[in-house]
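So the structure is just underneath, and the comments pick up after that.
The values are calculated or read from the model by the stated rules, or taken from the named source; none is laboratory data. From a predicted model like this one, the values you see are computed outputs, not experimental measurements. Please note: Cβ atoms are built from the backbone with ideal geometry, for glycine as well, and neighbour counts cover all protein chains shown. Side chains are part of the model used for accessible areas, which takes the heavy atoms of the whole protein and leaves out ligands, DNA and RNA. Shrake-Rupley method; radii C 1.70, N 1.55, O 1.52, S 1.80 Å.
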Amino acid sequence: MNGGEGDDEAVTSEGPPQPLEWKFSQVFGERTAGEEVQEVDIISAIEFDKSGDHLATGDRGGRVVLFERTDTKDHGYRRDLERMDYPISRHPEFRYKTEFQSHEPEFDYLKSLEIEEKINKIRWCQTANSSLFLLSTNDKTIKFWKVQEKKVKKICDMNVDPSKAGGNGSIASSSMSTTPKPHLANGGLPEKSYMCSSSDIKIPPGGIPSLHLPVVASHETSLAARCRRIYAHAHDYHINSISTNSDGETFISADDLRINLWNLEISNQSFNIVDVKPANMEDLTVVITYYNLKSYFAILIDKFWFSISRIIAHMPRAAWVTLYMSCIRHGLHLHRIGPSRNVITSAEFHPNHCNTLAYSSSKGSIRLIDLRQSALCDTHSKLFEEHETPGSRSFFTEIIASISDIKFGKDGRHILSRDYMTLKLWDINMDSGPVATFQVHEYLRPKLCDLYENDSIFDKFECCLSGDGQRVATGSYSNLFRVFGCTSGSSEATTLEASKNPMRRQVQNPARPSRSLSSLTRVVRRGSESPGVDANGNAFDFTTKLLHLAWHPTENSLACAAANSLYMYYA
């Protein structure tokens, strides 16, 4: 009997983890009904530090706001509690710590370009002497910040009797002699005034009790943020990523065409390690091609194609959609190809190996490079991409395949990528394809034309992994975010809303069989698939989107940004 129960427990322990039940923890900057959100207050970056005790957010107004954890301070750090097997009943709680203005709007007079102050990325650096260090960047400039506590010193125990002090802080006239003193014409004193006998000064036994030196005491502490380094003038295009190295000394910054390597202590020099800029910049111009044309239109367009392509290439997106749909109605199928070269969309250092980093491209591929191979990493050590299914190519194929964010797992074994429609989990030891694919909002595929017309198709959603590597998360529209289980046999696919009641839009999806990640077969997980509506059956709202979120490094706790509000959840 006992053996049978033990066997059941062993089977249960080997099975996939149960889906988490998410609960609301707290919110910062919650909007009241009807309150209008200011553009500068919209959160544009979120990042936990490695310990999980601090959280940083950046907004479009160039501000960085820091939060610190409070629920572990009463009984010591959480790792100490785990050692003592102390029961932890309170959920993670954070409080406002400080904020500072990281970037200001600038203007590049050489290029006649306005540089906005919006914070694109925040990355924490290693702490030292109880001070916090972090990097923040806008489109052009990276700054290295030090945040530390400073003791405010005050002078106390002054040798002034408050009862005899005047209203302006001076000594009352009664304590001062009113006898006029003789002075010379040049401001001096008569010679005899310097000659005093010992009998003129009477010191009581034990000294004068009212005479003592003032004492400097520290009454309180205040947080001060100081910019230690500014890394500027190294990028011709907008910076989309920064990532700190595991060596604690270097970091990378990436724009559309280049990745630069910096030393934290050297701000006037960087090394270009990846350069995908073509020799002829015209190669990056969008090219219009056609296929499957009727013979009459084919002959006509072939004859004047060079002129037509140059005109169409400069059409706005709305005109493009109109032309595309009109051509389809007349049996003409136009196809947009471009850019002809990969454009860098995100870059990340390996969490453990200081010589390895990965970067993603607008064509849906991820390249793993080794800094030991050469100074300029023109060639990659591994390439991760999913090949197209024959006949599945459409007008929007390359747009929705563009990867907006990549993250390494804590162990460095897996890479999580987010494109417009899906999350993909990659094993760095297997470059034949992703080991798992999670459909985030597949029901939007029939509405890609509308999403293209209102520019929503170009939204850049971020992704994150849990500290134990068992779950992944990303955002969607209507302030929804998705949590998927990525372990063997897991069918977890949870939809939550960034609100005080995150489960109110939860839909119970039928369980879908999933296969082991070790079987080299691809796992596809889907959420709700009702076309044109969200998980609650309501019309989808493309104006409210959850682009930024972060997972606590050691616990099942999520921080999500919905416009200017920061929501936190735990499970």
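Quick notes
- Remark: pairs (first residue in the stretch 48-73, part of a loop (DSSP other than H, G, I, E, B) and at pLDDT 95 or above; second residue of a type in the set (Ser, Thr, Tyr) and open to solvent by less than 20 Å² (accessible area, probe 1.4 Å); Cβ separation under 6 Å; 6+ apart in sequence or on different chains) = Arg60/Ser44; Gly62/Ser102.
- Wholly enclosed strands (runs of 3 or more DSSP E) of the stretch 381-466 bearing at least 3 residues at pLDDT 90 or above and of a type outside the set (D, E, K, R): 414-418, 422-427, 436-439, 463-465
- Meets criteria (at pLDDT 95 or above and under 23 Å from Ala217 (Cα atoms)) for Val147: yes
- Filter pass, His330 being at pLDDT below 95, more than 20 Å from Ala254 (Cβ to Cβ) and out of contact with any strand residue (DSSP E or B) (no Cβ under 8 Å at 6 or more places or on another chain): yes
- When Asp49 is tested against (1) touching a Lys or Arg at 6+ places or on another chain (Cβ under 9 Å); (2) of a type outside the set (Phe, Trp, Tyr); (3) open to solvent by less than 50 Å² (accessible area, probe 1.4 Å); (4) closer than 15 Å to Ala559 by Cα, exactly one condition is not met: (1).
- Where Asp450 falls short, out of the listed (1) under 24 Å from Lys50 (Cα atoms); (2) surrounded by fewer than 18 Cβ atoms within 10 Å (Cβ to Cβ): (1)
- Counted residues, the stretch 100-138 - those being open to solvent by less than 70 Å² (accessible area, probe 1.4 Å) and in a loop (DSSP other than H, G, I, E, B): 8
- Going through (1) out of contact with any His (no Cβ under 6 Å at 6 or more places or on another chain); (2) at pLDDT 85 or above; (3) within 30 Å of Asp459 (Cα to Cα) one by one, Lys111 falls short only on (2).
- Residue in the stretch 508-526 that is buried (at least 20 other Cβ atoms within 10 Å of the Cβ), in a loop (DSSP other than H, G, I, E, B) and either modelled with pLDDT of 90 or more or among the acidic types (Asp, Glu) (or both) present: no
- Residue match in the stretch 121-132 (condition: in contact with a Ser or Thr (Cβ under 6 Å, 6 or more places away or on another chain) and small (Gly, Ala, Ser)): no
- The stretch 219-245, residues that are among the aliphatic types (A, V, I, L, M) and either in contact with a strand residue (DSSP E or B) (Cβ under 7 Å, 6 or more places away or on another chain) or part of a strand (DSSP E or B) (or both): Leu223, Ala224, Ala225, Ile230, Ala234, Ile239, Ile242
- Odd one out for Asn479 among (1) open to solvent by 10 Å² or more (accessible area, probe 1.4 Å); (2) at negative phi: (2)
- Within the stretch 235-247, being open to solvent by less than 30 Å² (accessible area, probe 1.4 Å) and of a type outside the set (Ser, Thr, Tyr) holds for His235, Ile239, Ile242, Asn245.
- The requirement of being within 16 Å of the chain's Cα centre (by Cα) and polar (S, T, N, Q) is satisfied by Ser466.
- Residue count for the stretch 423-436 satisfying the condition of being open to solvent by 10 Å² or more (accessible area, probe 1.4 Å) and within 21 Å of Ser491 (Cβ to Cβ): 2.
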